[in-house]
Amino acid sequence: MSFHHKSIYVSLVNTIIVMSVYYWWVSGRYASGVFEGPNAGAEVGKSLLILIVAGILMQIIGMIVFNILQAMVTGNANPSFLVDERDRAIELKAVKLAYHLMALVLLLAIIALSLGWSIFSVFHILVVGSAFIAFVEALTQIILYRRGY
Amino acid sequence: MSKCLVRNNIRRLRFDAGEMTQKTLAEKTGVTRQTIVAIENAKYAPSLELAFLIAAVFDTPIQDVFSYEKDRK
């Protein structure tokens, strides 16, 4: 299994963990009424910024932990980080699919906005959509790796 | 998904080269072993550059390594 192939599993697990924690945290804030009133937009923005920063940090930590665990299990202290043309081709296929799905999610968000949904709802259509797309992108790559290409 | 129509003789060429391992070929061409496996099993068509690199490892013309097979219905 190449480095790129392994990193997809880390991303997949990371997406599930970050989104689960985020929705547990946001649902609590939503229930307490933080996302209502004149400061709703600012609160939604703050929540999303925290999600983005947490997502990046978790990805970095996840890769470090994964590489340490791999080195311990395999006994290889110098794992290969080689990313070759097939890795890039597989990633490109998955990214292409992700872009098409993102266009659909954006359309859904615009429709929701035009129907008068709240900023919180519209932004969370984008967030849930993005998480779903990240999940599909990772799964697509896993399937392509299993098939060979 | 489009079917890979590029066939190859890499398995035979590895055998002729003293049973060269896929790992050795991967190291000599700068790709992962999994990519060599995918090419050898005709799952992935390599770039022209990689195809030339593989041919160079076996010191043979590229047409002796790869061939194009038209889709048979």
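Since every read-out is calculated from the coordinates, none of them should be taken as a lab result. Owing to the predicted nature of the structure, the values given are computational and were not obtained by experimental measurement. Note that each Cβ is placed from the backbone with ideal geometry, even for glycine, and that neighbours are counted across all protein chains shown.
Assorted remarks:
- The stretch between A:ARG29 and A:GLU85 holds 15.7 nm of extra length on full extension. This uses 0.36 nm per residue minus the Cα-Cα distance.
- The stretch A:104-149-the stretch B:33-64 distance, computed between alpha-carbon centres (Å): 37
- Once both labels are positioned 7 Å from their Cα atoms along Cα-to-Cβ, the gap between B:GLU69 and B:SER47 label points is 2.6 nm.
- Along the axis of the charge dipole computed for the protein assembly as shown (Cβ charges of +1 for Lys and Arg, -1 for Asp and Glu, origin at the Cα centre), the listed residues A:LEU106, A:TYR145, A:ILE68 are led at the positive end by A:TYR145.
- For the protein assembly as shown, a simple Cβ point-charge model (Lys and Arg +1, Asp and Glu -1, everything else neutral) yields a dipole of about 560 debye relative to the Cα centre.
- With Cα atoms, 0 to 90° folded angle of helix A:3-31 axis to chain A main axis: 20
- Spin-label pair B:LEU5-A:LEU106: with each label point 7 Å from Cα along the Cα-Cβ axis, the two points sit 3.5 nm from one another.
- Straight-line reach from A:LYS96: taking Cα to Cα under 14 Å and skipping same-chain neighbours fewer than 8 places apart, the aspartates and glutamates in range are A:GLU137.
- Gain upon complete extension [A:LYS46, A:LEU69; 0.36 nm per residue less C-alpha separation]: 4.9 nm
- Reciprocal mean inverse distance between Cα atoms of the protein assembly as shown - Kirkwood radius, Å: 20.7
- FRET efficiency, A:LYS93 to B:THR60 (Cβ-Cβ, R0 35 Å, nearest 0.05): 0.65
- Calculated mean residue ellipticity at 222 nm for the protein assembly as shown: -24500 deg cm²/dmol, from DSSP H runs with n ≥ 4 weighted as -39500 (n - 2.57), summed, divided by the residue count and rounded to 500.
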